[in-house]
1. Assess whether residue 231 counts as being over 23 Å from the mean Cα position of the chain (by Cα), farther than 25 Å from residue 422 by Cβ and buried (at least 19 other Cβ atoms within 10 Å of the Cβ).
2. Which of the residues belonging to the stretch 256-298 are more than 22 Å from residue 167 (Cα to Cα), under 22 Å from the mean Cα position of the chain (by Cα) and polar (S, T, N, Q)?
3. In the stretch 238-344, which strands (runs of 3 or more DSSP E) lie fully inside it and hold 2 or more residues that are closer than 30 Å to residue 104 by Cβ and in contact with a strand residue (DSSP E or B) (Cβ under 9 Å, 6 or more places away or on another chain)?
4. So which residues in the stretch 308-341 are closer than 22 Å to residue 422 by Cα, surrounded by fewer than 17 Cβ atoms within 10 Å (Cβ to Cβ) and out of contact with any Gly (no Cβ under 8 Å at 6 or more places or on another chain)?
5. Kindly indicate whether residue 185 is outside the structural domain of residue 38 (by TED's automatic domain parsing), over 30 Å from residue 230 (Cβ atoms) and not basic (Lys, Arg).
6. When you look at residue 341, is it among the aliphatic types (A, V, I, L, M) and under 16 Å from residue 410 (Cα atoms), yes or no?
7. What tally of residues in the stretch 264-276 results from selecting those that are over 16 Å from residue 236 (Cα atoms) and touching a residue at least 60 places away in the same chain (Cβ under 8 Å)?
8. Starting from the stretch 150-166, keep only residues that are free of Cβ contacts under 8 Å to residues at least 40 places away in the same chain, then list their pairs with residues that are surrounded by fewer than 20 Cβ atoms within 10 Å (Cβ to Cβ) and in a strand (DSSP E or B) whose Cβ atoms are within a distance under 7 Å, requiring at least 6 positions of separation or different chains.
Amino acid sequence: MEFVLSFVASRKSDSWSLHKGVINYNIPGDVVQEVWVETDNIRAAKIKMDRSDCELGDVIGSLLDGVIEIRGCRYYFQKNADDFYDVKLDEAPGGVSSRQLHVHALTLIGGLQNEIINRPSFDWELRSHSEPYDGMIDLLQTVGIAITENTNASFEVRSPIVVAIDTRSMVRGSRADVKVRLVKGLDFGKAAVGYRILANGSLFSRGVWVAGHFKWEDEGNVCVGSGHFDVPPAALIQAFASYDGKAFHSWWIHDPDKSQNPRRAALEVYDPGLKILTGYLRGEGSDPGKDLEFAVSWLVWLLGFSPSHLGVNSKMKDAVDILVSSPEGNIALVECTTGVLKAGHKPSVLLGRAAAVRASLNATNNSHIKVYPIMVTTKLREEILPEIKEVMNSGVYVLTRDDLEALLIRTAIVNDANILLAEIEQVAESAANV
């Protein structure tokens, strides 16, 4: 089974010292862009590996022995002061997007090392590379390693996603073409797809499509099952891919030419396929900061909220970017950023603004109204993982690009905005306990 190894190491005399490593099993069939960066004192990579390279058990065994070999070079994994490694097993933290993937993480934690992220000499080495990087933070984001203030050596192994709904699945008219991807070599007889079919804004049916409902064919390093099912016109399907009775992946399947959400149907007159909105949520606009504000206000409107985009007005410089109201009257203050969360003390500023709104509501006999300070970023959750927990522990909710894309999928149906706010609150409480 193929996995992706990401790591960063630095030279120590005549050897290499491993600082951070991650083994991640992608969704079956996903394409991985490999990266290998090397300077005089830094080496970092994101590479594909499979059983022909090594067994995962051998990797962990080597790490526990204090050394790992990667493409012919040995990297030393420093132990802690007591000459052993701490071990931590957690559900990999996620946001709204965690409702799509079920992943656990095993982390080996070694000894304290010299700080590498804030070392200027390393940044300048990377800036003189043949493919320049702005510094260590840029490099870590590129190879998929979370930026953290923890200077302990660590190596994280994430549980594999062995089965997933293929994103090529879609509804066309009254037929659903459903595809499911399974790691090659596994027994496809144990694969299944649970489903909820929604039509005309209500539940039509629910059930399970077992392996026999699909025709299975090899496709690269995965096995793809294809099934065709009769559904109501313009139906929306929430599908759950499982293997041997355990669910791994959730995905919404819909008709790309039709929507059950009248707000989306109206917006797609001006933004077919929501291509502009999707690009802005990824930070791809000509003015990424302002375009993100526009996109978030459109997105929350599609989800059933009532947004007021204050940040676009030059006379509202001291206001939050977007003020949002739910049908129940609860208020969300949304601050948007294309960078890291704590730049410019944004979380503390947002909390101050939320406190002012809270005081105003209390003074007008509206103390029953809830206030949600929310930060939205175009960064992926993996890129800012340690920062997310710190910000959420301060009382600010965080939505990353992963969460925005998960919410965008849900705009295909009419949503209960009150329930969405409750979900965000629940996810925040779970993340704070990780």
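1. So residue 231 fits the description; yes.
2. 297
3. Per the criteria, 246-253.
4. 308, 325, 328, 329 - these are the residues of the stretch 308-341 that are closer than 22 Å to residue 422 by Cα, surrounded by fewer than 17 Cβ atoms within 10 Å (Cβ to Cβ) and out of contact with any Gly (no Cβ under 8 Å at 6 or more places or on another chain).
5. Yes: the conditions hold for residue 185.
6. Taking the combined requirement at face value, the residue does not satisfy it.
7. 1
8. Filtered contacts from the stretch 150-166: 151/112.
The values are calculated or read from the model by the stated rules, or taken from the named source; none is laboratory data. Remember, predicted model here, so these are calculated numbers, not experimental data. Here the Cβ is made from the backbone with ideal geometry for all residues, glycine too, and neighbour counts use every protein chain on show.
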